[in-house]
Amino acid sequence: MAEQYAIEMRNITKTFGSVVANSGINLAVKQGEILALLGENGSGKTTLMNMLSGIYKPDSGSIFIDGKEVSIDSPEDSKKYGIGMVHQHFKLVEVFSAADNIWMGQDKTGPILKKNRFKYVEDIAHKFGFDIDPKKKVYNMAVSEKQTLEIIKVLSYGAKTIILDEPTAVLTVQEIEKLFGVLRRMKEEGHAIIIITHKLNEVMEISDRVAILRKGEYITTVNTAETNEQELTEWMVGRKIDLNIDRPIVEKTRPLLEVRDLVIRNDEGSVAIDNVNFYIRGGEILGVAGIAGCGQKELCEAIAGLRPIEKGQMIHKGDNIVGLSPKAILEKGISMSFIPEDRLGMGLAPSMSITENMLLKNYRDGRGPLVDRKRGRADAEQVIKELEVVTPSSETPVRRLSGGNVQKVLLGREIKAGPNVIVTAYPVRGLDINSSYAIYNILNKQKLDGVGILFVGEDLDVMMALCDKIMVLCHGKVMGVVHAHKTTKEELGLMMTGVLDLSEKHEDKPAGIAKDSLFESNNREEA
Amino acid sequence: MDKVGVITSFIHNIVLLNIPLLYGTVGEIVVEKSGSLNLGVEGTMAVGAIFGYICGCFADSMVVGILTAFIAGALFGLLFAALTVSLQANQNITGLTLTTFGLGIYFFVGNGLRASGNWPTISESLKDGFSDISIPLLSDIPIIGNGLFSHNVLVYLGIAIAIFMWWYLKHTKFGLRLRAIGENPAAADSVGINVKRSKYLHICLGCGIMGIGGYYMGLNMSGSFNASCWINGYGWIAVALVIFANWSPSVAIIGTFVFGFFNTLRVAGGSLALAFPDFLGWLADVPTQLYQALPFIITAIVLVVTSIKNKRGRSGLPAALGLNYFREER
């Protein structure tokens with residue numbers, strides 16, 4: 001008799017219009033096993049899993065659960081078959097308590113809400129080995145707490161198979177370790193676990209087997225113990241690629257941008273950036289690391305002039321830029337590109353073409369009230385050519401491009417203006433390996449040209465390879481600036497969670513203030 | 001009229017004239033809690049009014065009138081749900097269309113019946129059914145007793161519906177699920193809640209409640225059909241009251257009386273000025289247009305105040321309000 005799988009998908013095909021998202025995919029997972037589903041962005045991992053969670057229906061192919069063929073028409077069916085999915089973007093009701101988020105999907109409970117539901121949910125959590133505050137509202141939770149809640153939620157509905165879509169993307173190193181501990185325990189209890197990821201080190205660490213997808217097609221499934229990162233990459237990308245990121249050494253200039261005693265408040269009015277000092281020289285990449293919501297976004301916005309600052313100074317080449325309009329700051333050569341979680345949220349107008357998005361930045365340079373489309377088109381063509389943007393034409397609406405190409409357009413437009421300081425946040429967010437490396441090359445090229453780059457990132461491995469120095473923020477405070485080639489991931493992780501504070505290490509020399517500062521003496525007296 | 005009598009009748013009128021606002025508001029809260037913004041309250045109330053009134057008169061039964069008004073409103077809601085939930089039409093446009101459509105039906109049916117001489121009048125027994133019922137003891141309280149606790153059966157029904165819906169939303173699992181849908185339909189869907197069915201049910205329920213409010217207005221106008229619609233903008237005030245009430249049916253009761261106070265000043269300002277010339281005499285000089293504008297001015301102020309103090313978790317605004325939900329959206 002053939003081996004019994006908890007879930008088996010055979011020959012699954014799914015198309016969206018003319019786009020084939022999945023084509024003839026086979027996948028199987030056993031009980032008590034962790035299967036990693038590996039693939040680049042757009043390779044169809046999430047689509048495939050959404051067919052198990054009832055969001056999509058396959059066009060053809062069959063799904064077997066415990067050897068029996070089933071049809072999953074809705075999330076309700078999926079729940080019935082014991083499949084639980086923790087989505088990449090959590091599916092939680094923000095204004096509800098933890099308990100209510102679980103309670104709303106419970107079937108066998110009475111129609112009246114009673115106080116004892118909090119106790120009930122707490123007990124369930126304990127049963128699975130978690131500790132949560134059932135009355136805590138989701139909007140007050142940290143990302144890792146939300147993820148824990150999601151896991152408890154699917155477990156409480158009796159899930160036998162648990163799917164996690166990029167669960168580590170938003171976690172710190174320590175939190176990832178904790179999550180992996182939870183997954184291993186669930187595996188021992190006999191759950192089947194599928195984890196979607198594109199991080200190879202995690203695949204090697206946690207999984208028993210790896211299934212690889214490439215551009216919607218099934219490549220192979222291998223035992224993790226019998227493979228290595230290089231081999232997996234080749235399957236995933238389809239060719240050999242160099243996994244090393246260059247860090248060219250460039251002659252550094254005097255500080256281009258200096259920030260002193262900066263205090264910024266966030267939208268809710270609490271302090272987002274707390275007395276921060278730092279500087280960027282030309283020809284260096286300064287990384288900013290920190291867990292989500294530690295003030296990176298507010299810092300970027302303040303530098304670009306989009307957010308008022310509470311206190312402190314920002315000096316660009318010796319000139320004050322506090323209080324200048326975004327346009328004036330732009331004209332000084334400071335450009336910002338911020339890639340938000342939904343990628344299209346900031347910087348580009350999704351339904352406008354590449355040409356029009358180019359014009360958004362420089363329409364003022366044209367003469368008269370009419371827009372100079374010709375020049376916009378020329379700019380667009382140039383960016384498309386130089387950055388190898390894959391697009392049918394320069395008139396294609398930006399939202400129809402894939403994520404990597406959208407980000408290339410955004411970065412390309414910012415570079416086009418010839419800035420001397422680039423502030424970029426999450427430029428490779430959600431990008432596959434190929435596109436990511438293209439972006440790193442773009443940034444390195446700018447660095448070689450003497451541009452100072454502030455790089456807000458989330459992948460510590462990448463930051464340690466690409467950046468010259470890394471500044472770590474925790475709750476808006478600088479935990480220290482370290483040399484990227486001297487630090488370790490563990491050290492950064494501890495700084496990000498505020499356990500390790502290196503900012504006071506050199507008390508004789510104030511942290512974050514350059515020796516050859518361009519602050520003029522009168523500035524200093526004021527400060 | 002003596003001074004106490006003027007005040008009592010003023011209070012009485014605040015309730016009597018403005019309860020339709022409560023029906024409209026509570027109905028719209030139920031609809032909005034499902035994440036659907038139905039701007040067609042005015043039209044839905046008009047449809048409930050005309051069909052409730054006609055069927056109630058022909059059957060000579062208030063119960064038939066209430067049921068017909070509810071069903072007419074609910075069917076109008078069904079139309080809204082079919083367009084926005086199933087066909088994914090824009091909610092704002094659909095709501096506005098339904099207002100125009102509802103008023104159109106109202107005048108079409110009403111004028112048609114009048115022109116053919118078949119316009120029904122309220123029978124004496126129906127009038128009796130709409131007469132005041134005094135609550136023992138409470139209605140004996142001086143001044144306010146008769147004003148607050150001696151009303152027709154539809155007033156009590158309206159308050160009862162508001163309190164029930166408050167309890168339903170806050171203390172039942174159906175209410176919890178409905179709120180989940182209004183906040184994050186994808187989250188609700190992912191835990192196996194039937195989003196479509198719940199939206200359909202609650203849109204119809206809410207619109208049915210609005211329909212009863214329309215029927216109330218018809219009865220209160222004694223069925224006198226003329227060039228201006230019975231609803232006369234109450235549906236729009238109800239849309240504003242939803243915000244004032246912060247999406248809570250119990251606060252809607254208070255909101256109704258606050259709005260009702262100014263609304264009633266317009267009608268009763270003259271008699272108040274007459275009864276208390278010393279310190280309310282100036283009321284006679286206030287142009288009635290100001291009173292008509294006041295509910296909207298208050299709404300504007302409330303909007304400003306709520307958006308200033310709008311802390312997360314405090315506002316009852318459903319996060320997904322006005323957004324259509326399509327499961328397979330990428």
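Here, each number is a calculation from the coordinates, and none is a lab measurement. In this text, all values refer to a predicted model and were calculated from it rather than measured experimentally. Note that we place each Cβ from the backbone using ideal geometry, even for glycine, and neighbour counts take in every protein chain shown.
A few points about this structure:
- Volume per residue that the Cα convex hull of segment A:7-237 spans, once the total is divided by residue count, Å³: 126
- Least to most buried among A:358, B:45 (fewest other Cβ within 10 Å first): A:358, B:45
- Distance from segment A:395-438 to segment A:16-73 (C-alpha centre basis), Å: 30
- For segment A:26-96, projected area of the alpha-carbon convex hull averaged over all directions, nm²: 6.1
- When Rg and Dmax are taken over the Cα atoms of segment A:255-526, they come to 18.7, 58 Å.
- Helix B:288-308 and the long axis of chain B differ in direction by around 40°, with both axes built from C-alpha atoms.
- Overall shape: oblate for segment A:215-296, with the ratio a/c of the largest to smallest alpha carbon gyration tensor axis at 1.5 or above and b/c at least equal to a/b.
- Ranking of B:230, B:167 by neighbouring Cβ atoms within 10 Å, starting from the fewest: B:167, B:230.
- Rg(Cα) / (2.2 N^0.38 Å) computed for segment A:144-283, rounded to two decimals: 1.48
- The protein assembly as shown - Rg over Rh from alpha carbon coordinates, Kirkwood radius: 1.04
- Percent breakdown of C-alpha pair distances by 10 Å bin, ordered from the shortest bin, for segment B:202-330: 10, 30, 32, 19, 7, 1, 1
- Solution diffusion estimate, µm²/s, Stokes-Einstein, segment A:51-148, Kirkwood Rh from C-alpha pairs, 20 °C, viscosity 1.002 mPa s: 140
- Among B:123, B:248, a tally of other beta-carbon atoms within 10 Å of each Cβ gives an order, fewest to most, of B:123, B:248.
- Using a simple spin-label model with pseudo-atoms 7 Å out from Cα toward Cβ, residue A:349 and residue A:271 lie 4.0 nm apart.
- Equivalent ellipsoid semi-axes - Cα gyration tensor, segment B:31-134, angstrom: 29, 17, 10
- When the Cα atoms of chain B are aligned to their principal axes, the ranges along those axes come out at 68, 53, 39 Å in descending order.
- Value of Rg to Rh for segment B:117-173 (Rh from inverse mean 1/r over Cα pairs, i.e. Kirkwood): 1.17
- Rg to Rh quotient for segment A:146-200, alpha carbon positions, Kirkwood Rh: 0.94
- Between residue B:315 and residue A:319, the modelled labels are 3.9 nm apart [label points 7 Å from Cα along Cα→Cβ].
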